[in-house]
Structures are given as structure tokens and as C-alpha cells.
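Everything on this sheet refers to the single structure shown next.
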Amino acid sequence: MHLILFDDETRDHLLPFTYLKPVCELRLGVLRIREKWAHWFPEAEVAFITQDYLAETYPIDYSDSNILINGSALPSPQLCTLIRQMESNEALLQDGELIAAKLDGEQIRRLIEDEDFDELKGFDLEGTDYLKINRLWDLFAHNARAIQDDVELLTKGRSSQVLSHTNQVIARENVFVEPGARVECSTLNAENGPIYIGREAHVMEGALLRGPLALCERSTVKMGAKIYGGTTIGPVCKVGGEVSSTVFQGYANKAHDGYLGDSVIGEWCNLGADTNCSNLKNNYDEVKLWSYVDKGFRKTGQQFCGLFMGDHSKCGINTMFNTGTVVGISANVFGDGFPRNFIPSFSWGGPGGFQTYRTDKAFQTMERVMARRGKELDIPDRLVLLRVFEDTAQYRSWEPND
């Protein structure tokens with residue numbers, strides 16, 4: 001059986017984080033969405049239906065029996081039970097949107113080739129308990145619940161490593177420490193939700209941690225850091241300063257002082273020392289956020305909304321981000337004052353103005369950054385990035401029009 005995770009129009013609402021990966025590769029809680037589904041369906045092989053230019057890295061594959069899953073939906077016990085009970089040619093819908101379907105190989109072939117096939121028998125999921133990511137802010141708004149669900153999934157039937165006596169721990173029963181993790185002389189308060197410390201993670205002295213919180217594999221919390229609930233620090237990150245309700249996707253650094261709240265930081269990002277973001281407007285008004293779908297700013301219905309920084313983007317020391325700022329892929333932001341609250345992909349500059357970040361220069365930086373973590377920027381990666389560079393030229397208004 002194949003579990004096929006597909007992208008629909010929700011993907012466009014989750015840009016810039018879905019420029020380089022399918023929706024199901026986004027992380028919230030402890031795991032990526034794909035990894036969550038793989039835990040619930042260990043017998044199935046995972047495949048993808050996503051953008052054509054991503055297909056080499058995220059290939060489609062199918063067999064005689066396939067379960068099609070919306071990549072923006074997160075599994076829950078109730079949803080997974082319903083999926084397992086589906087018969088062939090049946091589908092589960094939420095407000096008319098396809099969430100899951102059971103299809104044979106011929107139906108999948110027709111779907112891929114955009115051919116018609118018999119209408120599926122649909123069932124409405126109204127009242128079913130599960131999470132779904134529809135907009136950027138859902139990534140941090142649903143993160144506390146996702147951490148709780150993932151910790152329960154990953155730790156069931158297992159015992160935590162013993163925490164050192166040098167730590168001050170509140171609600172110890174809600175703290176789970178994986179093998180190889182180091183935590184010394186820190187305060188952990190898990191009264192309001194679990195604290196998960198991943199394998200070989202390191203919490204340095206004087207750190208203050210509040211749950212629900214996930215510190216993933218090989219990541220570091222720096223000395224004296226203050227990490228509030230609803231925060232995920234993905235694998236191989238370094239995080240210091242003050243952080244609240246924020247998701248680091250992985251391989252990113254915010255190693256120094258500065259505030260970050262109600263935010264999402266992509267992979268391979270670096271925030272310079274004393275970078276700060278605003279997550280609340282001075283007049284307490286609703287936050288507007290850049291929409292790639294509308295090609296303009298739209299209301300979010302959110303009062304708290306911080307920084308959304310796409311993969312491979314960086315900012316210099318003392319950078320100040322306005323409430324509700326969206327930074328694209330591979331942008332380099334620096335300079336005095338507040339930059340605009342939409343910064344296109346492959347931008348170089350700040351409040352004083354931007355120019356285009358040439359791909360050859362951008363790739364050199366990516367190579368250096370990734371090599372420090374034992375990773376390589378390979379040819380498929382470069383081709384995807386070149387495609388994104390072309391697709392996002394429309395937002396770099398300073399470039400001449402052909």
C-alpha cells in the first residue's frame with residue numbers, strides 16, 4: 001500500500017515555506033507532517049503529488065491500493081480510524097475539500113494525468129477531531145497542540161532519561177529526555193504542557209524553558225535563554241535570547257539575544273545578534289500579512305503575528321522586523337531601521353533599498369552554510385532554486401521588466 005501526500009491550493013497560501021518542499025514536509029510539533037503520517041501508517045510506503053519542479057526530489061509512486069492524503073492535514077486517532085475504515089473509491093471531505101481517499105492504481109494514474117474517473121463516494125468529516133494547516137499563522141497557532149500530540153505518539157511505552165539534579169524541574173512527569181541529551185543548571189516548567197528534549201540536544205546553563213516545547217535532535221539552547229510555550233526548535237538549531245510561540249523548521253540559528261514571537265523560521269536561516277521582531281501592533285489592531293495568492297496584504301484575523309522567514313534567508317545584527325513580516329527564499333537583510341514587511345525572495349538590502357541577490361553569490365553562501373552541517377547543495381537543489389528565482393522575479397519590483 002502507498003500513502004500519497006498531495007498538495008492542493010493550500011500550498012500557495014503557505015508560501016514561502018512551500019517553495020522548496022511540499023506542504024507535508026513542514027514541521028510543527030516535533031515531527032514533519034509526513035513523519036506523523038508515517039508513524040500512523042508504518043506499513044505504507046510514502047509518496048508525493050506536488051509541484052512539477054519538485055517531483056525529482058519528492059517523486060510520485062503508487063500501487064494497486066493507495067490512500068491519498070491532503071498534505072496539510074495532520075493525523076489524529078479519530079481521523080486515522082476513519083481512513084482505515086474506508087473502502088476503495090471512498091473519500092473523506094471537510095467543507096468540500098478533499099482530505100483523504102482510497103484509490104486503485106488506475107485512478108491514481110488518471111489523477112496524475114488529469115483524466116476523468118468515476119465520482120468518489122464522499123463522507124463529511126464534520127465533528128472529526130484533527131488539525132489542518134490552512135494559512136501561515138496556523139503553523140504557530142496549532143503548534144502547542146501538535147507538540148502534545150507528537151510527544152504522546154513518540155514516548156508511549158518508553159521511559160525518559162533521568163534529568164541531572166542540577167536542574168529545577170516543575171511537573172517532572174511531563175518532561176521527556178531522549179538518550180544523549182544534556183541539560184544542566186536549567187529551569188524546566190512543564191505544568192502547562194510537555195517539554196521534549198531530543199537526542200543529543202543540549203540545554204546550556206541558566207536556560208528557562210516552559211512547555212509545551214520541543215527541542216529536536218542535536219539542537220542547542222544557549223545560556224540564559226528564555227523559551228516560552230508553543231515553541232518548536234527543529235533539528236540542528238542554535239537558539240538563544242527570548243522566544244515565544246515560534247517554530248524553527250530546522251538547521252537555523254538565532255544564537256544571541258533578541259525577541260522572536262508568534263513566528264516561523266525556515267531551514268538554513270540565520271538571525272544576527274539582537275534581531276527583534278514585533279508580534280503586536282502598537283494600536284493592538286488586527287495584523288495584515290502579505291499573501292502570495294492575493295499579491296497584496298490581507299487581514300489575518302490575528303492580533304499576534306511576527307516574522308515568517310523562508311529557507312536560506314539571513315539578517316544582520318540589530319535587525320528590526322515589523323509586525324507581520326514575510327521574508328522570501330534566500331534573502332539577505334541588513335541595515336538601520338525597519339525593512340518593509342514583505343521582502344521578496346533573492347533580495348539583498350534593507351530599509352535603504354534592495355537589489356537582486358545574484359544566484360551565483362547566493363549559492364556560494366548556501367554551500368558554505370550547509371557544509372558546516374555536513375550537507376551539500378546538490379544539482380537538484382540548484383535547479384529548484386533557479387526555478388524559484390524565476391518564479392519570484394515578479395515581486396522584485398526594482399528589476400527591469402522585459
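No lab work stands behind these numbers, since they all come straight from the coordinates. Here the structure is a predicted model, which is why all the values come from computation and not from measurement. Because the Cβ atoms are built from the backbone with ideal geometry, glycine has one as well, and the counts that use them run over all protein chains shown.
For Asp391, Asp114, what ranking results if the residue with the fewest other Cβ atoms within 10 Å of its Cβ goes first?
Asp114, Asp391
Within 10 Å of each residue's Cβ, count the other Cβ atoms and sort Tyr259, Tyr292 from fewest upward.
Ranked by crowding around the Cβ, least crowded first: Tyr259, Tyr292.
Can you pull the Rg over Rh of segment 259-400, Cα-only, Kirkwood?
Answer for segment 259-400: 0.97.
FRET efficiency for Asp64 and Glu367, Cβ-Cβ distance as r, R0 = 60 Å, nearest 0.05?
0.90
Based solely on C-alpha atoms, express the radius of gyration and the Dmax of segment 164-317 in angstrom.
15.9, 54
When the gyration tensor of segment 149-222 is built from Cα positions, what are the square roots of 5 times its three eigenvalues, in whole Å, from largest to smallest?
Its equivalent ellipsoid spans semi-axes of 17, 14, 11 Å.
Pop out the ³J(HN,Hα) list for segment 330-343 in order, Karplus 6.51 cos²θ - 1.76 cosθ + 1.60 with θ = phi - 60°, rounded to Hz; leave Gly and Pro as x.
Couplings: 6, 9, 10, 10, 7, x, 6, x, 8, x, 4, 8, 9, 10 Hz.
List the chymotrypsin sites (Phe, Trp or Tyr not before Pro) within segment 297-402 that fall in a DSSP loop (any state other than H, G, I, E or B) and whose Cβ has at most 14 other Cβ atoms within 10 Å.
Here the sparse-neighbourhood loop sites are Trp398.
Can you compute the helix-only [θ] at 222 nm over the chain? Use -39500 (n - 2.57) per DSSP H run of at least 4 residues, normalise by all residues, nearest 500 deg cm²/dmol.
After summing the helix terms and dividing by residue count, I get -5000 deg cm²/dmol.
Pick out, in residue order, every one of the trypsin sites (Lys or Arg not before Pro) in segment 152-193 that is DSSP loop and has at most 10 other C-beta atoms within 10 Å; say none if there are none.
For trypsin sites (Lys or Arg not before Pro) across segment 152-193 that sit outside H, G, I, E and B with at most 10 neighbouring Cβ atoms in 10 Å, the list reads Lys156, Arg158.
Hey, got a sec? Which chymotrypsin sites (Phe, Trp or Tyr not before Pro) in segment 1-54 land in a DSSP loop and have at most 14 other Cβ atoms within 10 Å?
none
Compute, for segment 138-395, the length of the dipole vector about the Cα centre, with Cβ point charges of +1 (Lys, Arg) and -1 (Asp, Glu) only. Units Debye, rounded to 20.
240
Could you run the Karplus curve 6.51 cos²θ - 1.76 cosθ + 1.60 with θ = phi - 60° over segment 91-105 and give me ³J(HN,Hα) per residue in whole Hz, x for Gly and Pro?
9, 10, 10, 10, 6, x, 8, 5, 9, 7, 8, 10, 10, 8, x
Rounded if a/c is under 1.5, else prolate if a/b is larger than b/c, else oblate: which is segment 2-124, with a ≥ b ≥ c the root eigenvalues of its Cα gyration tensor?
Cα axes put segment 2-124 in the rounded bin.
Just to check I understand the Karplus step: with θ = phi - 60° and J = 6.51 cos²θ - 1.76 cosθ + 1.60, what whole-Hz values come out for segment 53-59, glycine and proline as x?
Karplus values, whole Hz, x for Gly and Pro: 6, 9, 5, 5, 7, 10, x.
Taking amide H atoms as placed 1.01 Å from N in the peptide plane, list the residues 5 or more away in sequence, or in a different chain, whose amide H sits under 5 Å from that of Asn167.
Result for Asn167 returns Cys185, Ser186.
Please compute P(r) over all alpha-carbon pairs of the chain, binned at 20 Å starting from zero, and give each bin as a whole-number percent.
27, 57, 16, 0
Using amide H atoms built in the peptide plane, which far-off residues or other-chain residues are under 5 Å from Val46 H to H?
Under 5 Å from the amide H of Val46 lie the amide H atoms of Leu3, each far enough along the sequence or on another chain.
Counting only residues 5 or more places away or on other chains, whose amide H sits under 5 Å from the amide H of Phe123 once H atoms are built in the peptide plane?
Ala91, Leu92, Leu93
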